[in-house]
1. In debye, nearest 20: dipole of region 43-152 around its Cα centre with unit charges on the Cβ of K, R (+) and D, E (-)?
2. Sort region 127-208 into rounded, prolate or oblate with this rule: let a ≥ b ≥ c be the square roots of the eigenvalues of the Cα gyration tensor; rounded if a/c is under 1.5, and if a/c is not under 1.5, prolate when a/b is larger than b/c, oblate otherwise.
3. Could you tell me which of rounded, prolate or oblate describes region 178-241, using a ≥ b ≥ c as the square roots of the eigenvalues of the alpha-carbon gyration tensor, with rounded for a/c under 1.5 and, failing that, prolate when a/b is larger than b/c and oblate otherwise?
4. Sort Glu211, Glu90 so the one with the fewest other Cβ atoms within 10 Å of its own Cβ comes first.
5. With the contact rule set at Cα under 8 Å and sequence spacing of 6 or more, what percent relative contact order holds for region 2-249?
6. For the residue pair Thr202 and Glu49, what label-to-label distance in nm results when each label sits 7 Å from Cα along the Cα-to-beta-carbon direction?
7. Putting +1 on Lys and Arg Cβ atoms and -1 on Asp and Glu Cβ atoms, find which of Met166, Leu151, Gly104 reaches farthest to the positive end of the dipole of the chain.
8. Label points 7 Å out from Cα along the Cβ direction at Asn140 and Gln237: separation in nm?
Amino acid sequence: MSDLLEQVRERQWFYTFELPDGSVTPTYHDGELDAIHHTRWRMLEHTLEGVYPEGFSRLSAIDLAAHQGWFASRLARAGLREVTCVDQRESHVSDSRLIAEVLGYREMGFIHSDIFDLDTDALGTYDLVLMLGLLYHLENPVGALRLARALCSDLCVIETQVVPGMSGMVDFGSYRFVRPLKGSFGLIDELDETHGPEAGATGICLVPSVEALTWLLEKVGFRSVQVLQPPADAYEQLLYGKRVMVAARV
Ligand SMILES: C[S@@+](CC[C@H](N)C(=O)[O-])C[C@H]1O[C@@H](n2cnc3c(N)ncnc32)[C@H](O)[C@@H]1O
């Protein structure tokens with residue numbers, strides 16, 4: 001174990017993990033982002049408790065863009081029977097493996113892959129699909145939502161930055177063919193930051209409005225879509241609706 005803890009101490013961490021010797025992983029942001037992670041975990045845990053009052057031991061989950069496996073490790077700690085972590089960055093997958101070994105979570109499995117390269121037929125479905133902090137880094141958010149639906153047999157929780165929405169009527173080719181706007185996307189340039197550990201692969205980011213996100217989730221096949229209420233002491237972005245967490249059921 002001391003060997004493993006030594007390896008943990010040599011690496012850089014995005015999350016504060018509590019280690020078996022009572023210490024915690026130091027983060028490269030000096031704990032500044034702990035609040036956003038903790039707010040999201042509390043919202044996720046609260047949702048799971050509401051949907052699965054009988055407990056979590058029969059549930060399988062896949063965490064799309066799991067980073068270093070912080071949410072996945074909490075799901076394993078909460079008693080899920082299987083939690084699969086997917087991330088495009090090899091170093092994140094390696095960090096997740098290490099942390100799972102240190103914490104003794106054999107329920108955690110790992111796939112090093114771009115989410116768009118996943119073989120959904122081979123993977124099958126999971127009771128819970130997580131997509132936290134990913135959608136707004138992607139140039140194909142609709143494809144990502146379709147993927148989430150393909151992998152989901154019950155509950156999908158999506159958390160994302162959102163942009164202010166536009167509404168109104170659009171002359172769609174002519175004034176005789178008018179359509180209501182269902183939502184909007186903001187285009188963000190992350191091209192110079194794709195090397196960053198939290199960035200997307202292409203640097204072209206389409207960020208949805210909350211209306212776009214909820215409308216799309218229904219159109220890709222989820223039957224009920226609920227924007228989750230943040231707690232009163234939530235991280236400011238969630239509190240003020242700059243980010244949202246949404247629960248969608250199959
Ligand atoms: C902002 S971090 C969010 C991590 C974690 N889900 C969370 O909410 O704390 C974005 C993560 O998405 C991963 N990522 C970005 N684009 C991806 C893609 N196309 N396929 C798989 N992982 C991706 C990055 O490597 C990074 O770990």
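1. For this selection, approximately 220 debye.
2. Verdict is oblate for region 127-208.
3. Verdict is oblate for region 178-241.
4. By the 10 Å Cβ count, ascending, the order reads Glu90, Glu211.
5. Value for region 2-249: 16 percent.
6. If labels sit at Thr202 and Glu49, their model points lie 4.0 nm apart.
7. Met166
8. The two pseudo-label positions are separated by 2.4 nm.
The numbers here are math on the coordinates, done by the rules we state, and not lab data. Keep in mind it's a predicted model, so treat the numbers as computed, not measured. Note that each Cβ is placed from the backbone with ideal geometry, even for glycine, and that neighbours are counted across all protein chains shown.
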